[in-house]
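Coordinate-derived values only; no laboratory data. In this text the structure is predicted, and so the values were computed from the model without any measurement. Virtual Cβ from ideal backbone geometry, glycine too; neighbours counted across all protein chains shown.
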């Protein structure tokens, strides 16, 4: 009888201690066994592909959202869960006013050299109190993408006056050049597209033509995925009336989590031809025999 009494006493004390460390505050009207806690972990710029694989950038903001407030004196952490069940790279987050949304910066690839780019790893949300070891309330399997896409890119400018076409008397002629661009190379036997991202995949790309702080750009051309290709007609690059005039072109190519290839180009024209085409703060480019400038050359033979 004494053994049974001692056993019941131990169970009661254990239950009391567990209740004393519940990390969230039940919502109004939630009794025992009611109102199951829902927790989500989201990363800034995260991307989930068609197969359900989630990619995240190697640094950025993480948000943990709970369906009930975290109790006072408890803190939400994010951490990596190792194969042996231990937690690594544990970082505390900052709550909103009602303690249901917790945010902070997180760079799992920096704090844990064991993470391989594009390989799966586990991120968990923990709720910790000084009197308790903490409780794992959510787990998310993700892959880190740290590297921007790669591409070849070729650009060509052509005079807008076609000597083989009679001018339309109803259309005012444009004295200037058009622009073409492509990531594809056509050889005698095949066409090759050098445009790729081996992790989250290629996202969007854009060309902003001659941006102006007050009036905006002359044009913005956008696309998604590979290949990076298009043409801008005779509308933005006019020849100089006298002397020389220069135009700025801003290029951006991102993968699906925001890692970007970015550059700024300068095109200078005189009264009837291209004077120079260059990378701002970089090289002046030279056109090949067909008029193509090589801006990117990431895909070496």
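Order of 119, 213 from fewest to most other C-beta atoms within 10 Å? Don't jump to the answer; show the numbers that get you there.
On the way: 119 10, 213 5.
By the 10 Å Cβ count, ascending, the order reads 213, 119.
Given a Förster distance of 51 Å, report the FRET efficiency between residue 122 and residue 272 from their Cβ-Cβ distance, rounded to the nearest 0.05.
Numbers: r = 63 Å, r/R0 = 1.23.
Step by step, r from the Cβ atoms, then E = 0.20.
Remark: the stretch 185-249 projects, on average over all directions, an area of 7.4 nm² (convex hull of Cα atoms).
When the alpha carbon coordinates of the stretch 169-301 are projected onto the principal axes, the ranges are 49, 40, 36 Å, largest first. Diffusion of the stretch 110-155 by Stokes-Einstein, at 37 °C in a medium of 0.692 mPa s and with Rh set to the Kirkwood radius over alpha-carbon pairs, works out to 236 µm²/s.
What list do you get for 231, 190 if you sort them by fewest beta carbons within 10 Å? Kindly include the intermediate steps, with their values, before the conclusion.
Numbers: 231 12, 190 7.
Fewest-to-most Cβ neighbours within 10 Å comes out as 190, 231.
By the count of other C-beta atoms within 10 Å, a proxy for reagent exposure, 170, 122, 195 are ordered fewest to most as 170, 122, 195. Per-peptide packing, taken as the mean over residues of other Cβ atoms within 10 Å, places 288-294, 39-45 in the sequence 39-45, 288-294 from highest down.
Given the stretch 37-145, report the % of alpha carbon pairs whose separation exceeds 18 Å.
Here the long-distance tail beyond 18 Å is 46 percent of all Cα pairs in the stretch 37-145.
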